[in-house]
Structure formats: structure tokens, C-alpha cells
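Here the structure comes first, spelled out in C-alpha cells, and everything after it is commentary.
The values are calculated or read from the model by the stated rules, or taken from the named source; none is laboratory data. No experiment lies behind these values; they were computed from the predicted model shown. Virtual Cβ from ideal backbone geometry, glycine too; neighbours counted across all protein chains shown.
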Amino acid sequence: MPAVTGTGAAEFFELLLEDAAAIEYERPLVRARAAGADAADLAELDRVKLLALQVREAFAARRRRESELSALFDTAGDLAALRGVDSVLTAIVRRARQLLGTDVSYLTLNDPARGDTFMRVTDGSVSARFQALRLPMGAGLGGLVAQTAAPYASADYSRDDRFRHTREIDGGVHEEGLVAILGVPLVRGSQVVGVLFAADRTARTFDRSEVSLLGSLAAHAAIALDNARLLEETRAALEELSATSRELREHTASVERAAAAHDRFIDVVLHGGGVDDVAAAVQEVLGGSITVLDEEGRGRSWDAEGVRDLPPDPAGALTRARSTGRTVREGDWWTAAVTVDRELLGGLALHREEELPEADQRILERAALVTALLLLIRRTASEAEGRVRGELLEELLTSPVRDPEGLRERARRLGADLDRPLAVVVARVEERSRPRALAAATHLAATRGGLAGTHDGAVVLCLPDLDAGPAAAVVRRELDAAGAGPVTAGGGGPVHEPAGIAAAHAEAARCAATLTALGRTGSSAGAGELGFFGLLIGEGRDVRGFVTATLSPVLEYDQRRRTDLVATLEAYFGAGGSPARAADTLGVHVNTVTQRLERVGRLLGEDWSAPQRALEVQLALRLRRLTDAGAAPTRQG
């Protein structure tokens, strides 16, 4: 029978090569029995079968070990690639399910903030309730694993009394249909941070190799979590470093911008610049567009583009900026107040659509401070120069012949030449407006090489190279623009030497008084424009009363009958008392003029053409024209 045994052994080798099922290894033994093999051959054949099955099991264990090692190698590769902690944990849980051949695998993590455990990753789960479980610390099989830091397996979870059951856990396990559960700890250092599970929906006993394999996967999961923590800490540190670096760059840029602005402002002050130069520097540093405000919130542009738009409430913004001492925002407008000892001198309004950082707001406030310094310097210099010019003008008006050469020298030091033709202007303003009017007059005199001051309650100027009328018009316009209106300005001169200034002043004062008496407050004129009436009329004269008393019958008749006797009278006197020439002037027949003059005689009295009455009538007619000049033109007849 040795041949039978050899043939059976060869068949067993063929079964091993075919990786046949274990039941197939009974075939050679069954065939030998059928062939009538004796007991010794059958025993030997059975021994060979057992050896073949042992070899088959060894091959299977080796293949299984190779698969496990390959899975662990792939997991290590995932960790090295660090594709993301979620993807790594998902791969670990899926491999645990595949290698252990379980229905479900899952991983829970501890939540120290809430004091419980939550489901992080599942594979093979079908129950939403199970996937959303949050477990109290120490409860269930996972709680036992976490407490002992050792793996635990239960062949039938619902009947296992080694751990504390809860309604929530048992309900989730029951809904998922789990029976056998294996859990191994995820350990970071000496602390359990979670549990990796493998579970079946039928009873099952997990052997030692399966526990070891799941433990190896759990170790990889713990490494993944630790690497993720380190990566997050590194990323957070890098982001913090980047933010700090960005803030440092921004701070450095703002410091450099502030230093550049400071240098520009210092340069403006040292080189005698003005408010316009400060505004230009602000716009260059901060961008946007800048508008300079006066103390009442009225704006003027510093460049050639004209007056810019204003903030919604410029006066209110200036008030708030002065009270807080800080920049005030209104939409896209940023306003800083220009103050000296709490006195509001104006403001700087920056229009910029972008947000203005706090550092740039400080630049705007510094610009306002420099503007206040420049205005204070200008005011101090103007006041000092104004006093000197005023004192010189006072001497010219009161004692011009005492030391004419000394007066000339003092004027030259102020940039004025007393030997040039000088027009003298007397400007009457309300008392409350006098300081502003004097400041504007001083500036005008300084820019034109003249003199300015106050005398007898009025502002007085000497301006070179102008006739009386144009000089008075210039003064009225400049003082009005400075907010000192209404301004009534009379002009005298021009004169060519210091000794004539007092007389020209008297003439200008008389002219201003005449304008006031004629009711033309707020206007200007030279003595030549008023003719000899400037010598006859002064303060306190009732000009309109005189005109009414002299001409009222004729005026009322013209108004009532819509006639034009006044024009006929003016034409008659203009023609030297000749009705014929008056008729030519009026473009009517001479008989018409005669009839009108007869009507005048009945209204004014028969002596209206006598020399004394005729002078009064002519004077009234001229005064009527002058008093109406500021309101509306007279009718021509």
C-alpha cells in the first residue's frame, strides 16, 4: 500500500497548490477507504492530511499577516503624506473593517470641553442615531477601554455586564444591530483620547491577532491625531506670525508715512508756507481731496479746481472735532478742527472713500495743529504790522508836516511809498464787524503796498496807483468778502505827498457820510462821482425829506396821472431854461413842454422858476436821482 500513500500525498500537494477548501482534503482519504486500504495506510494518509491542513493554515496566516502589514504600511504612508486628519482617520476605520472582516467599524474621540465622547468616523453604519451618539465618560464598552487604557472585546454586547449600560448607548447599538464589539484605546502619551471599534451584527469571538491588529491601527490613528494637533498649532503659529508681520509692516508704513508728513509740515513752516501748502501736503500723504474750512464751516479749495463739496454738516463737524480734540467722521468725510486755546479758527476736511486708519487720523490732526500755528503766526505778524501801519497812518492824518522825511522812511520799511499817487478810502462798518474789517484792510494794504488803520471809528486805507472811486470799490469788495459787510466806502484823492493825505481823508470821510445820508449804505463812491453834493451833505441831513418837501406835488401828480412832469423839469433845466431845446430833448412839440410847465407852476407855485426857488428845485431833482441810484434807475422823459 505504499503506492496508495504516495499517490495520496501527491494529491494533498496539488490541493495546497490549488488553495482548495479544507473539505477538499477529505477526498484522498475517502478514495483510499473505498479502494480497501488497510488501517495502517489509512492512518498514514490521515497524518499527511493533517500536515497538509497545517501547511494550508500556515500559508493563510502568512497571507493574512502580509495583508495586515500592507495595510499598516499604507496607513503609515497616509500619515507621511498627511492628506488631512479626516481622510487619514477615515482610511484607518475602513481598513479596520476590511482586515477584521467586521460589519461595522468606528472611532470615538473624547471632548474635554463638554465632558463626553462623540462619534468621529464610522464605516458600514446605517443608523443615523448611532452615527450621532454622544456618550457619557465611563459609559459602555468604550468607557471601560478609556478607564483601563486596555482593549476589551464582547461577543454579545447586550448581555455583557462588565461595563455600565445606558439607555442612549444601548438604543443606538440596538438600532445599528450590533452584537459583537471590540474596542482598543487611542493613546497620546499617557492619556486615552479616544477608542477604535470593530463590531459585527452576529456573535463573534475576536482572537488575539485581531486585537493586536486593531491596536496597531489605533496607534496610527493616535499618531494622526497628534500630527494634526501639531500641524494646527504650527499653522496657527504661522498665521499669528504672519498677522504680526503684517501688522508690523503696516505699523512701519504708518510710522514712515507719519514721519514723512511731519517732515513736510516742518518744511512748510520753515520755508514760510501757508495753509494751502499744508493742505497740499495732507493730500499728497493721505490721498483723497482736502477742503479748508473757516470758523463757520464755509469751505474753500486750496487748489485751482475751485470750491469743493463740503461735509453734510461742516459747522457741526467742526464743533464736535473741537470739543473732542479728535477727527470726526461723516460718511466719507474726515474733519479735524484748527484751534488755538479752544478758539476755533477753522478746520481741514478730508474726503476719502477708503477707511482712514487711526494713525492717518493723527496725521490729519497734526496737519490741523500746524495750520493753527501758521494762522497764529500770521495773525501775530498781521497784528504787529497792523499796529505799525496804523500808527504811521494816524500820524499822517494828524501831523503830516512835522517830520515828512521820517514818515517816508518808516513807510518804506513797511513796503509803502508815500510819493506815489495815493487814494484814501474811509470804510464805515458796524462796530461788531470792525475787527474783521480791520484785519482784511490790513491784509489788503500789505499786499498792495499801502497803509491801513482805524480813525474816528472808521477803517481808513491808503492805496497806491488808484483813483478814489476804484479804490473805494476795491475796499468795499474785499471787506465784504471777509464777512465785514455791509461796508460803505468813500474815496478821496489821489494825492502825491504825505501832506495831502489828511485833506484826502477829510474828502473821503465826507464822501462816505454823503453815501450814508443818501441812503446808499453798503455802496462805494469817490468824491468826484458825487460832485458838489458831497460838500453840501453830511451826517444828520434829511435828504429824502428835502426832496419830498420840494417836489412832492409833482411826484404825486405823476404817480396819480401816470405823467412825466419830473422828466420835463429835468429837460427844461438841462436846456438852460429853453422850452424849445427841452422839447427837442424830449422829442415832443414845444407847446407840449409849455403846457407841462404851466401844470408845474400850478402844482409848485408861480414862483417855481424864480432864481431862488429854481435852485431848490434843481437841487431836489439831482438829489432825487442820487438817492434813487442805489435802488433803481430813474425814468427818462
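Does the range 140-150 hold any residues that are crowded, with 19+ Cβ neighbours inside 10 Å and either on the phi < 0 side of the Ramachandran plot or touching a strand residue (DSSP E or B) at 6+ places or on another chain (Cβ under 8 Å) (or both), and which are they? LEU141, GLY142, GLY143, LEU144, VAL145, ALA146, listed by residue number. In the range 413-435, the qualifying residues are those that are surrounded by fewer than 16 Cβ atoms within 10 Å (Cβ to Cβ) and not in a loop (DSSP other than H, G, I, E, B), and the one that is modelled with the lowest pLDDT is ARG413. Against the condition part of a strand (DSSP E or B) and buried (at least 21 other Cβ atoms within 10 Å of the Cβ), how does LEU135 come out, does it pass? The answer is yes for LEU135.
Listed by first and then second residue, the pairs linking a residue in the range 593-611 that is within 15 Å of ASP558 (Cβ to Cβ) and in the same structural domain as SER552 (by TED's automatic domain parsing) to a residue that is aromatic (Phe, Trp, Tyr) and part of a helix (DSSP H, G or I), with Cβ atoms under 7 Å apart and 6 or more places separating them unless they lie on different chains, are LEU597/TYR572; VAL600/TRP608; LEU603/TYR557. Number of residues in the range 143-168 that are assigned to a loop (DSSP other than H, G, I, E, B) and not hydroxyl-bearing (Ser, Thr, Tyr) equals 11. Mind listing just one residue for me: the one in the range 539-563 that is among the β-branched types (Val, Ile, Thr) and modelled with pLDDT of 80 or more and, of those, nearest to GLY490 (Cα to Cα)? It comes out as THR550. Quick check on ALA582: is it part of a helix (DSSP H, G or I), modelled with pLDDT under 85 and either over 29 Å from SER523 (Cα atoms) or not assigned by TED's automatic domain parsing to the domain that holds LEU515 (or both)? So ALA582 fits the description; yes.
Per the listing ARG432, ARG428, ARG476, the residue uniquely farther than 24 Å from GLY406 by Cα, without any contact (Cβ under 8 Å) to a residue 12 or more places away in the chain and of a type in the set (D, E, K, R) is ARG432.
Checked against (1) within 23 Å of ARG366 (Cα to Cα); (2) modelled with pLDDT under 80, VAL292 meets all criteria but (2). As an exercise: evaluate LEU466 against (1) surrounded by fewer than 24 Cβ atoms within 10 Å (Cβ to Cβ); (2) at pLDDT below 85; (3) part of a loop (DSSP other than H, G, I, E, B) and give the number of the one condition it does not meet. Exception for LEU466: condition (2).
Conditions (1) touching a residue at least 60 places away in the same chain (Cβ under 8 Å); (2) part of a helix (DSSP H, G or I); (3) outside the structural domain of THR108 (by TED's automatic domain parsing), marked per residue:
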{"residue": "GLY194", "(1), (2), (3)": "yes, no, no"}
{"residue": "VAL211", "(1), (2), (3)": "yes, yes, no"}
{"residue": "ASP226", "(1), (2), (3)": "no, yes, no"}
{"residue": "GLU239", "(1), (2), (3)": "no, yes, yes"}
{"residue": "LEU248", "(1), (2), (3)": "no, yes, yes"}
{"residue": "PHE265", "(1), (2), (3)": "yes, yes, yes"}
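For the range 470-507, the tally of residues that are of a type outside the set (Ser, Thr, Tyr) and modelled with pLDDT of 85 or more stands at 18. For the range 169-183, the criterion of a residue being touching a residue at least 40 places away in the same chain (Cβ under 8 Å), part of a loop (DSSP other than H, G, I, E, B) and not small (Gly, Ala, Ser) is satisfied by at least one position. Restricting THR108, THR122, THR148, THR117 to those that are in the same structural domain as GLY215 (by TED's automatic domain parsing), of a type outside the set (Gly, Ala, Ser), within 19 Å of THR90 (Cβ to Cβ) and modelled with pLDDT under 90 reduces the list to THR117.
A count restricted to the range 624-637 and to residues that are surrounded by 16 or more Cβ atoms within 10 Å (Cβ to Cβ) and either at pLDDT 80 or above or at positive phi (or both) stands at 1.
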